[in-house]
Each structure stands twice: as structure tokens, then as C-alpha cells.
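What follows is one structure encoded as C-alpha cells, with my remarks underneath.
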Amino acid sequence: MATQEYTGAIAAWKDDRGFGFIRTESDNKEDDVFIHISSLNNMSRRPRVGDIIHYDIIEENGKTKASNAIIEGVEPFHDTSGSCNTFLTVLITAIVASAITYVVMTKVLEAENSCISGVSIQLSE
């Protein structure tokens, strides 16, 4: 994993809006850096006030903001729905669906056969 250039702590976080501010090492509020939830590289949880953040800085629309950020001590979210698991899920679903279809069709055919066998056809003489 690449090392982020800057370190600071979350000074404010608006969880409902998905952004906050990082207090830099200068400990001066005017130097706080904006951080958006999208800057956090698949962290397994959202940031909280006091979390130590490692980040890079980018300029966007004339404003400085954090980028490529991680929360110290928090593991990134690992996607466990890999292609092997996806294939296995599809395969099991197909087998179960086929079994259900077989059972339903067997019952329907049995019901139709019992109805047909109960009906006698009279031929005219």
C-alpha cells in the first residue's frame, strides 16, 4: 500500500452529509482540510471525530481537499463477492430452481392425469 503524505485527525464529521474536516498537524482551525466520504478508500466504517487520517491533498475548483485517505487502524472493506462465489451462487440457484420446477411440473401433470382418467369418453353408435 502506498504511503499517504499527510496525517491529521477528524475534527468535525457530518455523517448524514458524508463530509468533514481534518485538523492538520499545525492544529490551526484555518488549516483544516475538507474530506468527503468518497476520498476514503473502501474503509470498513465511516470516520468519527478523533480518528487519525492519512491522506494526500488535491486542488479541485481552487479548493484544497483530502484524497486517497485511510483511517488509521481500520481495515479496508474487502469485497468477498469474488467471481468464484458469484459462480457458485448462480450454480446453486439454478439447481434449486430446476428442482422446484421439476416438483411443480410433476404435481401438475399428476393432477391433469387424474382428471383425464376420471373422464370417460362415450363414442356415439
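Points worth noting:
Residues checked against (1) more than 24 Å from TRP13 (Cβ to Cβ); (2) touching a Lys or Arg at 6+ places or on another chain (Cβ under 7 Å); (3) among the aliphatic types (A, V, I, L, M); (4) modelled with pLDDT of 90 or more:
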site	(1), (2), (3), (4)
VAL49	no, no, yes, yes
ILE58	no, yes, yes, yes
GLU112	yes, no, no, no
CYS115	yes, no, no, no
GLN122	yes, no, no, no
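- Residue ID - modelled with the highest pLDDT, chosen from residues in the range 73-84 that are open to solvent by 80 Å² or more (accessible area, probe 1.4 Å) and of a type outside the set (Asp, Glu): GLY73
- Taken as a whole, the condition of being at pLDDT below 90 and of a type outside the set (A, V, I, L, M) does not apply to SER98.
- Restricting the range 14-39 to residues that are modelled with pLDDT under 90 and not in a loop (DSSP other than H, G, I, E, B), the residue that is least open to solvent (accessible area, probe 1.4 Å) is ASP31.
The values are calculated or read from the model by the stated rules, or taken from the named source; none is laboratory data. Remember, it's a predicted structure, so these values are computed and weren't measured experimentally. In this analysis, Cβ positions are derived from the backbone assuming ideal geometry, glycine residues included, and neighbour counts consider all displayed protein chains. Only protein heavy atoms, including side chains, enter the accessible area calculation; ligands, DNA and RNA are left aside. Shrake-Rupley method; radii C 1.70, N 1.55, O 1.52, S 1.80 Å.
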